[in-house]
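Comments concern the structure below.
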Amino acid sequence: MRDIVDTSVTAIALSGLRKRFAKGDTTALDDVSLEVRAGEIFGIVGRSGAGKSTLIRTVNLLERPDAGRITVAGQDMLALDDAGLRAARRGIGMVFQHFNLHTRRTVAENIAFPLEVAGLPAAARRARIAEILPLVGLEGKRDAYPAQLSGGQKQRVGIARALASKPAILLCDEATSALDPETTQEILALIRGLRDRLDLTVLLITHEMGVVKAICDRVAVMENGRIIEQGRVFDVFTQPEQPTTRHFVAEVIGHSVPDSTLARLPAARAGDVRRIVQVIFAGPNSTRGVVSEASRYFGLDVNIISGRVDEIAGEPFGVMALGFYGPEAQVESGLNWMRSLGLKVTEIAK
Ligand SMILES: Nc1ncnc2c1ncn2[C@@H]1O[C@H](COP(=O)(O)OP(=O)(O)OP(=O)(O)O)[C@@H](O)[C@H]1O
Ligand SMILES: [Mg+2]
């Protein structure tokens, strides 16, 4: 597979952004800096009110920051005049949670809307619509009205409209939050496919880590108007640093052992200890038979409580809950040996 992300080119650079809303006395953005590379799908997650929408809306200046710099495709957005801003916005498509379609316009007329505004002649609009309908899987829906479409189809119209003027950048504000899980996966697959085919750069915001896991290359976590953590999706998922990030990641990695199960686990023999740990298998040693090795090398009994393998951003990883039994020094040595292999070992119970 070709490398879609061109790490040498910055598509969106935000720096030192601040935004305060007098109404409600809210600091929505508190010194936010972020770089999105050309061709990547960058996710921003955070709880409701964290400032995600305010942040994404600064990229095309739907929201003007009080301070900071916004550079999109090399252009200083805050330095543009009205005509310059209109032109720049044609290079930035945006998709919304509730689709924002014109109910009295057909699919084709909805998609054509930004092209009309841009003054494109009717023939050119028709040509672009014919080109874009199959790209988003809406062949045959050209003349349907939004009320005749499913939620997933409506969002396909929203995506087609966002891409009508051939932007290089796509902004998605909770694009799948109004959709059921299956439709969500279809729309995410569509967005990823469009990124690949059209060389798009995608900045998306969501409150669901599942969305990030499904399609993002990198992710930033927002809290109280600040970015508290960011990195490659695989790294953030397998090694979250902040409590909020751990909370989000747990939704997806989630592997706490129910108390009722813990209560049923055998106790340690007299003189021995028991350690219940979660082990995340990632990286070069993820496929090594560490459980049986730890058992043999350190003379431990190992109880496999639960386990699961999964894939994040295309990389395999596994998570297991294990019970280690034996003399304390041996148990500690065994756990430390596993850590030394690069596995993430977290004690979840004694
Ligand atoms: N136009 C506005 N006027 C006043 N306050 C606003 C305005 N827009 C946003 N805020 C406030 O700024 C903060 C951040 O809002 P924002 O919409 O960016 O959060 P969010 O992370 O997108 O949340 P959600 O997940 O609920 O969409 C919130 O406290 C919100 O109430
Ligand atoms: Mg929002």
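Could you give the radius of gyration (one decimal) and Dmax (whole number) of the Cα atoms in the range 135-191, in Å?
11.2, 30
Let me have the 222 nm mean residue ellipticity of the chain computed from DSSP H runs of 4+ only, each contributing -39500 (n - 2.57), with the sum over all residues rounded to the nearest 500.
Theoretical 222 nm ellipticity from helices: -10500 deg cm²/dmol.
Tell me, what does the Kirkwood hydrodynamic radius of the range 259-349 come to in angstroms if you use every pair of distinct C-alpha atoms?
After inverting the pairwise mean of 1/r, the radius is 13.5 Å.
Taking the Cα atoms of the range 46-135, report the difference between the largest and smallest coordinate on each principal axis, in whole Å and largest first.
42, 32, 23
Pull up all non-local amide H partners of ILE44: gap of 5 or more, or a different chain, and H-to-H distance under 5 Å with H placed in the peptide plane.
Distant-sequence amide H within range of ILE44: LEU204, ILE205, THR206, ALA220.
Treating each Cα of the range 68-201 as an identical point scatterer and ignoring solvent, apply the Debye formula and state log10 I(q)/I(0) at q = 0.11 Å⁻¹.
So the normalised log intensities work out to -0.39.
Pairs of alpha-carbon atoms within less than 8 angstrom and 6+ residues apart define the contacts here; what relative contact order does the range 131-252 have, in percent?
It comes to 18 percent, rounded to a whole number.
Compute the acute angle (0 to 90°) between the alpha-carbon long axis of helix 181-198 and the principal axis of greatest extent of the alpha-carbon atoms of the chain; round to the nearest 10°.
With both axes taken from Cα atoms, the answer is about 70 degrees.
If I fit a long axis through the Cα atoms of helix 107-117 and take the longest principal axis of the Cα atoms of the chain, what angle between them do I get, 0 to 90°, rounded to 10?
Taking Cα atoms only, the helix is inclined about 70 degrees.
List the residues, sorted by chain then number, that are 5 or more residues from THR10 or on another chain and whose placed amide H is less than 5 Å from its amide H.
Amide H neighbours of THR10: ALA38.
Helix 122-135: angle to the longest alpha-carbon principal axis of the chain, degrees 0 to 90, nearest 10?
20 degrees
What is the count of Lys pairs in the chain whose alpha carbons sit under 20 Å apart, if the two are 8 or more places apart or on different chains?
So the count works out to 6.
Relative contact order of the range 1-88: what whole-number percent is it, with Cα pairs under 8 angstrom and at least 6 residues apart?
33 percent
For the chain, report the convex hull volume of the alpha-carbon atoms normalised per residue, in Å³, without decimals.
171 Å³
Divide the volume of the convex hull of the Cα atoms of the range 195-294 by its number of residues and quote the answer in cubic angstrom per residue.
In the range 195-294, the Cα hull volume divided by residue count equals 165 Å³.
Which of the peptides 82-89, 31-38, 162-169 is most tightly packed, and how do the rest follow, going by the mean number of other Cβ atoms within 10 Å of each residue?
Taking the mean over residues of other Cβ atoms within 10 Å, the ranking is 162-169, 31-38, 82-89.
Can you figure out the FRET efficiency of ARG104 with ASP259, using R₀ = 56 Å and their beta-carbon distance, to the nearest 0.05?
Efficiency, rounded to the nearest 0.05: 0.50.
Once you keep just the Cα pairs under 8 angstrom separated by 6 or more residues, what percentage relative contact order results for the chain?
So the answer I get is 17 percent.
Taking the highest mean first, how do the peptides 205-211, 144-150 order by number of other beta carbon atoms within 10 angstrom per residue?
205-211, 144-150
Based on DSSP, what percent of beta bridges with both residues in the chain are antiparallel, to the nearest 5?
Around 70 percent of the beta bridges assigned by DSSP in the chain are antiparallel ones.
Read the figures in this text as sums done on the coordinates, not as results from a lab. Everything numeric here is computed off the predicted structure, so don't read it as measured data. Don't worry about glycine lacking a Cβ; one is built from the backbone with ideal geometry, like all the others, and counts go over all protein chains shown.
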